[in-house]
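Peer 1: This structure is in structure tokens; I'll ask about it shortly.
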Amino acid sequence: MKFRVYLTFDEATVRAPIIWQLGKEFDLITNIRTAEVRDHMGLVGLELEGNNDVIDAAVKWLGEQGVQVDPIEQSIIEG
């Protein structure tokens, strides 16, 4: 399964290697689709690919790290 999310990083999390940690901690593929990072905030469009249970655990873990996770609605055309 592929699941796309926007990750919002605040000043406390923007410099941490959270996406790297995500890939090390969970059996999934991470694919950065877009990113805008500044000194005090960051917004990343991330595609997660893997087992549904693993993706659910990864999203929960991201929230526990202080990252805001918002699903990206899929386009009807893209599927």
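Peer 1: Mind listing whichever residues of region 25-79 are over 11 Å from Leu7 (Cβ atoms), among the polar types (S, T, N, Q) and either under 11 Å from the mean Cα position of the chain (by Cα) or modelled with pLDDT of 95 or more (or both)?
Peer 2: Hits for region 25-79 are Asn31, Asn51, Asn52.
Peer 1: Got a number for residues in region 64-76 being open to solvent by 70 Å² or more (accessible area, probe 1.4 Å) and assigned to a strand (DSSP E or B)?
Peer 2: The total comes to 2.
Peer 1: Collect the residues in region 10-41 that are of a type in the set (Gly, Ala, Ser) and either touching a residue at least 24 places away in the same chain (Cβ under 8 Å) or within 16 Å of Ile55 (Cβ to Cβ) (or both), keeping them in residue-number order.
Peer 2: If the condition is that a residue be of a type in the set (Gly, Ala, Ser) and either touching a residue at least 24 places away in the same chain (Cβ under 8 Å) or within 16 Å of Ile55 (Cβ to Cβ) (or both), then Ala12, Ala16, Gly23 are the ones that fit.
Peer 1: If you go through region 22-63 one residue at a time, how many are open to solvent by 70 Å² or more (accessible area, probe 1.4 Å), more than 23 Å from Glu11 (Cα to Cα) and among the aliphatic types (A, V, I, L, M)?
Peer 2: Looking only at that region, the number is 1.
Peer 1: Let me ask you something else. Taking region 1-31, which residues are outside any helix (DSSP H, G or I), among the aliphatic types (A, V, I, L, M) and out of contact with any Leu (no Cβ under 6 Å at 6 or more places or on another chain)?
Peer 2: Within region 1-31, Met1, Ala12, Val14, Ala16, Ile29 meet the criteria.
The values are calculated or read from the model by the stated rules, or taken from the named source; none is laboratory data. Keep in mind it's a predicted model, so treat the numbers as computed, not measured. Every residue, glycine among them, receives a Cβ derived from its backbone with ideal geometry; neighbour counts consider all protein chains shown. Heavy atoms of the whole protein, side chains included, go into the accessibility calculation; ligands, DNA and RNA do not. Shrake-Rupley method; radii C 1.70, N 1.55, O 1.52, S 1.80 Å.
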